[in-house]
Amino acid sequence: MSHPVPRLRAEALAPCPISGHRKRFDGTATGGRAISTQADIAAAHLRLEQVSCRIGPRAVLEGLELDLRFRALGVVGRNGSGKSTLARLLAGLMAPDAGQLRLCGVDVAADRAAALSTVGILFQNPDHQIIFPTVLEEVAFGLRQQGLRRRDADDAARAVLAAFGKAAWEEAPVSTLSQGQKSLVCLMSIVAMRPRVLILDEPFAGLDIPTKAQLMRYLGRYHGSVIHVSHAPEDLADCETVLWLEQGRIRDVGASGTVLPAYLAEMTRQGEGDDISDLPG
Amino acid sequence: MISLTSPVRTRAHGWPAGLKLGLLVAATVLLAAQDALAFHLCALAGTLGLYLLPGGRFFRAGLRALRGLWPVALIVLAWDGLTGDPLGGVVVVLRMVSAVALANLVTMTTRLSDMMEVVHWLGRPLARLGLNLRALEICLALVIRSIPALSEKAGLLRRSWQARAHRAPRWRLIPPLTLLALDDADHVAEALKARGGVAGPKTTKLP
Ligand SMILES: Nc1ncnc2c1ncn2[C@@H]1O[C@H](COP(=O)(O)OP(=O)(O)O)[C@@H](O)[C@H]1O
Ligand SMILES: [Mg+2]
């Protein structure tokens, strides 16, 4: 390879610092419960005020109210409970029909330029995310979108590949990669943009156990805050705070140690029922 | 054929994309201008020689990419055979194979983003008239990306049809494939929006 890999700066994978970030970690959630969060400068702040969202005639999310500081936030709920819709709202890919949403103080749906350095999202299917035929081009794309010049974007992308120990992937055709490798390319592409918050919408569902474990380990190289969406409580073991969605409403939010066991018990109970027979509407 | 990548890194990967595209244009004009059978035999031999330079793996990948041409070649040969000009048909086929092979050669050894840089340069006069070049580049990349993506989806649909039917699906795959394409486009649009959309680079700089 003809290009020298630039030396990686220690903060290369850390998210952009935001100005005026207050060092207060007294997150409160609905019901006034205090949620203890790890004291860390990278803690993100999420505020929802009466957020509602409807798709067609159906209310998919209704009256969400939240004021939370977190490093790792888990979102659980059954299929169709509105998790992906919430993830889309938090990534600013759609605006709520009613209410206010602020992530780290940014109105992510309205201020797209600020949203790019505030939040990144990893979808379940890497094939929907990857546009370019080779790995370096894909990783550099988001950086160019953030306004970096071609050469700077390529250098920064190489630094990210090197930080993930994947400098050799630079020229690799994406079409030859496995599904897990494609997921890693997506992860590196988002991390390269250094968002303060990374949203994972069941990105590793369908991957085998070793691949998933390896990707989770690579995820550890990202130093910002994470919002991990999953229907499976075991995926959210690393989250200190968990938000439980049920039919578009917040059923519970709090320390994972209390919310996850309650969720699991409820899921087991519902598993004995037969609501699979219920048609929508 | 359009989203070709090379299995190995060749020396030509380092050449400027503009130079390669310029040479390709010159070679194509030359191929179109000549009619002699001997010239086209030499041209094809020379082209295949180029494919051999980076080694056997590259050569085989190159030949695989050309396989799709045989039905066209067959039709041309049959037509010119019937109309009494078989030699003319051979020249047409040789010219076509050389031209496509050379174009593939450039594609295989050039990064898409480098190609886009050339498009950017060529489009600069149009940018003054208000054309958003960044949007043009991204659209080109999306078109190129969607071709293999769609053929893969068509393959999946055919398989799920064949799992439950005796006969080949043929045209009946078209409506569901159209819907899948639209669905795919929705997802890609969303993923693209998540990384800044097609509006072009924002003015915010990384610290
Ligand atoms: N584009 C859409 N069109 C129609 N209904 C949708 C659309 N997206 C989501 N929904 C509906 O909204 C509800 C919540 O969906 P979603 O947010 O994807 O839930 P989850 O990710 O928790 O499975 C579901 O009932 C789903 O059917
Ligand atoms: Mg979902």
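The values are calculated or read from the model by the stated rules, or taken from the named source; none is laboratory data. On a predicted model such as this, the values are computed, not experimentally measured, just so you know. A quick note on method: Cβ atoms are made from the backbone with ideal geometry, for glycine too, and the neighbour counts reach across all protein chains shown. The accessibility values were calculated without ligands, DNA or RNA, using every heavy atom of the protein model including side chains. Shrake-Rupley method; radii C 1.70, N 1.55, O 1.52, S 1.80 Å.
Yes or no, residue by residue, for (1) under 20 Å from A:Val259 (Cβ atoms); (2) hydroxyl-bearing (Ser, Thr, Tyr); (3) within 16 Å of ligand 1 (Cβ to nearest atom):
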residue	(1), (2), (3)
A:Ala162	no, no, no
A:Ser178	no, yes, no
A:Met188	no, no, no
A:Gly220	no, no, no
A:Gly224	no, no, no
A:Ala232	yes, no, yes
A:Leu236	yes, no, yes
A:Trp244	yes, no, yes
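Just checking, how many residues over region B:46-58 are open to solvent by less than 50 Å² (accessible area, probe 1.4 Å) and either among the charged types (D, E, K, R) or in a helix (DSSP H, G or I) (or both)?
Matching residues across region B:46-58 total 6.
A:Arg71 - would you say it is in contact (Cβ under 8 Å) with a residue 60 or more places away in the chain, among the charged types (D, E, K, R) and away from ligand 2 (no atom under 16 Å from the Cβ)? Full working, then the answer.
Working: in contact (Cβ under 8 Å) with a residue 60 or more places away in the chain: yes; among the charged types (D, E, K, R): yes; away from ligand 2 (no atom under 16 Å from the Cβ): yes.
So A:Arg71 fits the description; yes.
For region A:215-241, which positions are within 28 Å of A:Ser52 (Cα to Cα) and either more than 16 Å from ligand 2 (Cβ to nearest atom) or touching a Pro at 6+ places or on another chain (Cβ under 8 Å) (or both)? Step through it out loud before you land on a result.
Of all residues in region A:215-241, those within 28 Å of A:Ser52 (Cα to Cα) come to A:224-233, A:235-236, A:239-241.
If the condition is that a residue be within 28 Å of A:Ser52 (Cα to Cα) and either more than 16 Å from ligand 2 (Cβ to nearest atom) or touching a Pro at 6+ places or on another chain (Cβ under 8 Å) (or both), then A:Gly224, A:Ser225, A:Val226, A:Cys239, A:Glu240, A:Thr241 are the ones that fit.
Of the residues A:Gly206, A:Gly147, A:Gly165, only one is within 14 Å of chain B (Cβ to nearest Cβ) and of a type outside the set (Val, Ile, Thr); which?
Values: A:Gly206 fails: within 14 Å of chain B (Cβ to nearest Cβ); A:Gly165 fails: within 14 Å of chain B (Cβ to nearest Cβ).
Answer to the check: A:Gly147.
Looking only at helices (runs of 4 or more DSSP H) that lie completely in region B:110-207, which have at least 2 residues being within 21 Å of the chain's Cα centre (by Cα) and among the basic types (Lys, Arg)? Show your work before the answer.
Details: elements: B:112-122, B:124-128, B:133-162, B:174-194.
Those helices (runs of 4 or more DSSP H) span B:133-162.
To keep it simple, each residue is scored yes or no on (1) farther than 26 Å from A:Phe70 by Cα; (2) within 11 Å of chain B (Cβ to nearest Cβ).
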residue	(1), (2)
A:Ile121	no, yes
A:Pro133	yes, yes
A:Gly142	no, yes
A:Ala156	yes, yes
A:Gln179	yes, no
A:Leu200	no, no
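Condition check ((1) more than 27 Å from B:Pro86 (Cβ to Cβ); (2) not assigned by TED's automatic domain parsing to the domain that holds B:Pro86) across all residues:
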{"position": "B:Leu4", "(1), (2)": "yes, yes"}
{"position": "B:Pro7", "(1), (2)": "yes, yes"}
{"position": "B:Leu21", "(1), (2)": "yes, no"}
{"position": "B:Leu30", "(1), (2)": "no, no"}
{"position": "B:Gln34", "(1), (2)": "no, no"}
{"position": "B:Phe39", "(1), (2)": "no, no"}
{"position": "B:Ala43", "(1), (2)": "no, no"}
{"position": "B:Leu50", "(1), (2)": "yes, no"}
{"position": "B:Gly55", "(1), (2)": "yes, no"}
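Given the condition within 14 Å of another protein chain (Cβ to nearest Cβ) and open to solvent by 10 Å² or more (accessible area, probe 1.4 Å), answer yes or no: does some residue in region A:59-78 qualify?
Of all residues in region A:59-78, those within 14 Å of another protein chain (Cβ to nearest Cβ) come to none.
No; the residues of region A:59-78 include none that is within 14 Å of another protein chain (Cβ to nearest Cβ) and open to solvent by 10 Å² or more (accessible area, probe 1.4 Å).
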